[in-house]
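Novice: Okay, handing you the structure first.
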Amino acid sequence: MKAFWIAVGCLGGFVAGVPTAFGHELECEKEVNGASSVEISQFPARLDYRLLVRNIHPTSPSVVFAASDPTLEELGFEGFDTPFELPVDGELEKTFTVRVPDLAACLEMAAADGNIDTVIDNVFTVRWDIGRDICSARVECIPEGPPPGPNDGRRMTGGGSVFTEEGQRVTHGFQLRCDATDTRQNLEVNWAGNQFHLLDLSTADCQDTALDEEQPVAGFDTFVGTGIGRYNGVEGATIEFTFTDDGEPGVDDTARIVVRDVGGTIVLEVEDDLTFGNHQAHP
């Protein structure tokens, strides 16, 4: 028997009857404890998830053909009853709670996505007739006490949405340490049905620039890094990124992300202010 349990909370939003039209355009949101990325080091712990599907087509209803989070559904989350139709500006939200009694249970849940690591990084995927959107909310299971070996201590966490020049929405979530030798590095980027998952942080440069991270005073406001990871499940892809923290509530924070596939071809290049989300530097 698993050492954690999931209780489905509430259902809100709008749901029409049997769909009568084809889907048009949708977006998803996913949060845990009100953020895109959290750490838990004290147990028992509580994780409150929020999953949302929204119709963003300007003039027509959209049909949600699928809305699933397989890892959470494997743990007992009932999910969304699809297909269903959303009117213009309509949305549907579900919440549920995960109670994690100890570190062992947290690591068991982290392993449920097929990756043997310390991160619960399952994704929520929404599909309509001609596309899909992918959202994630990351949880890192941290043992009490500092990790062995050298440790800078400073880190940046957060995530959100930015848009390419063509208007393509790109979502990202991360927990990154300024010490590149620290193995607790996590970064995921999703766009247009594609996904990059960081496996190894190659370089990390935490810079104190003219920006102001405000509280807490971290001694830096810009994280510049490179790494190696999986692009759509294929290892050997690379990423270059710059994340900034220019105070609260995050509207002045920026993200620059360049992803190359295993052959070196650029598959994503974006640099923009955050539209949704927040970057937070920590001392």
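Novice: When only alpha-carbon atoms are used, what values of Rg and Dmax, in angstrom, describe the stretch 27-142?
Specialist: Values for the stretch 27-142 (Cα only, Rg and Dmax): 15.1, 49 Å.
Novice: When P(r) over Cα pairs in 5 Å bins from 0, in percent is calculated directly from the model, which label among (1) 1, 6, 11, 14, 14, 12, 10, 8, 7, 6, 4, 3, 2, 1, 0, 0, 0; (2) 1, 6, 12, 16, 18, 17, 14, 10, 5, 2, 1, 0; (3) 1, 5, 11, 14, 15, 14, 14, 12, 8, 4, 2, 0, 0 fits?
Specialist: Only one option fits the structure, namely (2).
Novice: How large are Rg and Dmax for the stretch 221-274 when calculated on the C-alpha trace, in angstrom?
Specialist: Final numbers for Rg and Dmax: 12.7, 39 Å.
Novice: Measure off 7 Å from each Cα along the Cα-to-Cβ vector at PHE43 and GLU248, then give the distance between these two points in nanometres to one decimal.
Specialist: Modelled inter-label distance: 3.1 nm.
Novice: State in Å² the accessible area per residue of the chain; use a 1.4 Å probe, count heavy atoms of protein chains only, and round to the nearest integer. Before the final figure, lay out the partial values.
Specialist: On the way: 12650 Å² over 283 residues.
Ligands and nucleic acids excluded, the result is 45 Å² per residue.
Novice: Per-residue counts of other Cβ atoms within 10 Å, averaged by peptide: what ranking do you get for 158-167, 131-140, 219-228, highest first?
Specialist: The peptides rank, most packed first, as 131-140, 219-228, 158-167.
Novice: A further question on this structure: Can you send over the carbon and sulfur percentage of the accessible area for the stretch 44-140, probe radius 1.4 Å, protein chains only? Numbers along the way, then the final one.
Specialist: Working: 1900 of 3810 Å².
Taking all protein chains in place, the stretch 44-140 shows 50 percent carbon and sulfur surface.
Novice: Then there's this: Using the basic label-point model (7 angstrom from Cα toward the beta carbon), what is the GLU78 to ALA192 distance in nanometres?
Specialist: Label-label distance for GLU78 and ALA192, simple model: 3.8 nm.
Novice: Next question, about the same structure. Give me the number: length gained by fully extending ASN232 to ILE56, i.e. 0.36 nm times residue separation minus the C-alpha to C-alpha distance, one decimal in nm.
Specialist: Difference between extended and current length: 60.8 nm.
Novice: Let me ask another. What is the percent carbon and sulfur in the accessible area of the stretch 172-254, measuring with a 1.4 Å probe over the protein chains and ignoring ligands?
Specialist: Looking at the stretch 172-254 in its full context, I get 50 percent from C and S.
Novice: How large is the convex hull of the C-alpha atoms of the stretch 166-237 per residue, in Å³? The partial results should precede the final answer.
Specialist: On the way: hull volume 8.6 nm³, N = 72.
Cα-based convex hull of the stretch 166-237, divided per residue, equals 119 Å³.
Novice: Separate question: Please work out the ratio of the alpha-carbon Rg of the stretch 89-240 to 2.2 N^0.38 Å and round it to two decimals.
Specialist: Taking N as the residue count of the stretch 89-240, the ratio is 1.14.
Novice: Shifting gears a bit: Per DSSP H run of at least 4 residues, take -39500 (n - 2.57); add these up for the chain, divide by its residues and hand me the 222 nm value, nearest 500 deg cm²/dmol.
Specialist: Rounded to the nearest 500, it is -1000 deg cm²/dmol.
The values are calculated or read from the model by the stated rules, or taken from the named source; none is laboratory data. What you are looking at is a predicted structure, and each value in this text was computed from that prediction instead of being measured. Don't worry about glycine lacking a Cβ; one is built from the backbone with ideal geometry, like all the others, and counts go over all protein chains shown. For the accessible areas, the whole protein counts, side chains as well, though only heavy atoms, and no ligand, DNA or RNA atoms are used. Shrake-Rupley method; radii C 1.70, N 1.55, O 1.52, S 1.80 Å.
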